[in-house]
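Structure first, commentary second.
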Amino acid sequence: MTAPTNLLYSDVEEALRSSVADLLAKRSGPAAVLAALDSGNSHDAELWRTLVEQLDVASLLIPEELGGVGGSARESAVIAEELGRAVTPVPFLGSAVLATSALLACDTATEPVAKLLAALASGTATAALGVPLSTMPGAAFPTALTVADGRLTGSVTSVVDAAAADVLVVPAVGPDGPGLYSVAVGDGVTVTRLIALDRTRSIADVTFADAPAELLAGPDVAPAALETALVTGAGILASEQLGVAEWCLDTTVRYVKERYQFGRAVGSFQALKHRMADLWLELVTARAAARYAADCLATGRDDVAIAVAIAQAHCSQVAVHAAEEAVQLHGGIGMTWEHPTHLFLKRAKSDEIALGTPGRHRARLAGLVDLPGPVA
């Protein structure tokens, strides 16, 4: 009999949340993010270094014997939730989640994998997974990149956090079939940063021209390792979306208590009360879905794919709805560049596409639970 799942935050998780929240409040509040964007900086390298060195956010998923702290997806989900609450421009999703999860699904006893994981855990390197950000769990192994004589050729679009990466973990087709390769960003690698809707999350096109590539996993491991990375990324992304929605609701409730019209706080108007109550109910269910997905990833439950599909399908839409309501209920100020609500709307819309749209996750869920899928 399967043990019941505890969706409550543990004392360790709450302490981790508090530490991250305190640091972000001092270093990366919405005003600081807006100022950085105005200066053309969409990646805060110094903040990322502080998060890695002081709070070990890059090594949470990495076992102690490989230089990490031996945490789980539950702790990583708490980090993602706080980063979403502050729309923090750091490469957590690309490096600490996607690339790290792909490496951990390989044979970690081999020197190339162990060496790269140790570098990521120590903060001496940052990585990115060489697939488009829109790639979802269950997708076919990519064939656009090829390896011959240890050289990688081809291009991949919209790679999250590639512009901040020192190393790319790339799925490609080699002489023996599908494989995962590590490619150092340097000779033969061109990273072209894109102007994205969400400027707080860097994406880039990457072109490889006979770039030196080192094999990390062969055909027997690479497809499953890539799938593990995508499932883990999608599950933890749900917690980031939860953080986005939480900030939007909390900020909007605070605003409507302070904004007066006709001698009354606008939050006392029944129509607005109903809208915020509905949003709160959505947030409660989103938290349950995100927490369950994180717990399934941490414990390796059999229904992890189902839990992640549900979390993504639901949390994506809740985050977008919360951000839309935040913009509307803030009135005129919510429409301005100076107010940070647009940052959260853009992050929510970007996350809605990342690692699969809600509709695609619902279609995947139908197959996972043996229900008829959507009719084309």
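The values are calculated or read from the model by the stated rules, or taken from the named source; none is laboratory data. Everything numeric here is computed off the predicted structure, so don't read it as measured data. Please note: Cβ atoms are built from the backbone with ideal geometry, for glycine as well, and neighbour counts cover all protein chains shown. These accessible areas exclude ligands, DNA and RNA; they are computed on the full protein's heavy atoms, side chains included. Shrake-Rupley method; radii C 1.70, N 1.55, O 1.52, S 1.80 Å.
Values as computed for the structure displayed
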{"read-out": "Note, ³J(HN,Hα) from phi for the range 106-119, Karplus 6.51, -1.76, 1.60, rounded to Hz, x at Gly and Pro", "value": "8, 7, 6, 7, 6, 4, x, 5, 4, 5, 5, 5, 5, 5"}
{"read-out": "Packing rank of 295-306, 221-232, where each peptide gets the mean count of other beta carbons within 10 Å, highest leading", "value": "221-232, 295-306"}
{"read-out": "Euclidean distance between Cα centres, the range 27-103 to the range 291-313, Å", "value": "21"}
{"read-out": "Computed over the chain: relative contact order in percent, which uses C-alpha pairs under 8 Å that are six or more apart", "value": "17"}
{"read-out": "Lys, Arg +1 and Asp, Glu -1 on Cβ, resulting dipole of the chain about Cα centre, debye, nearest 20", "value": "1420"}
{"read-out": "Listed residues ALA32, ALA309, ALA80, most fluctuating in the chain (Gaussian network, C-alpha, under 10 Å)", "value": "ALA32"}
{"read-out": "Dipole moment magnitude, nearest 20 debye, the range 33-155 about Cα centre, only Lys, Arg, Asp, Glu C-beta charged", "value": "300"}
{"read-out": "Hz values of 3J(HN,Hα) by residue in the range 362-371 - Karplus curve (6.51, -1.76, 1.60), Gly and Pro given as x", "value": "5, 5, 5, 4, 4, x, 5, 10, 6, 10"}
{"read-out": "Dipole in debye (nearest 20) - the range 305-376, about Cα centre, beta carbon charges: Lys, Arg +1; Asp, Glu -1", "value": "220"}
{"read-out": "Solvent accessible area, Å² - TRP280, 1.4 Å probe, full protein context", "value": "140"}
{"read-out": "The chain: most fluctuating residue of GLY154, GLY332, GLY218 per GNM, C-alpha cutoff 10 Å", "value": "GLY332"}
{"read-out": "Size descriptor, Kirkwood hydrodynamic radius, that averages inverse alpha-carbon separations across the chain, Å", "value": "21.1"}
{"read-out": "Residue-by-residue Karplus 3J(HN,Hα) for the range 197-205, coefficients 6.51, -1.76, 1.60, Hz, glycine and proline x", "value": "4, 8, 7, 8, 10, 6, 10, 8, 8"}
{"read-out": "Shape parameters for the range 6-104, alpha-carbon atoms, Rg then Dmax in Å", "value": "13.6, 44"}
{"read-out": "Expected 222 nm ellipticity per residue - DSSP helices of 4 or more, -39500 (n - 2.57), all of the chain, to 500", "value": "-16500 deg cm²/dmol"}
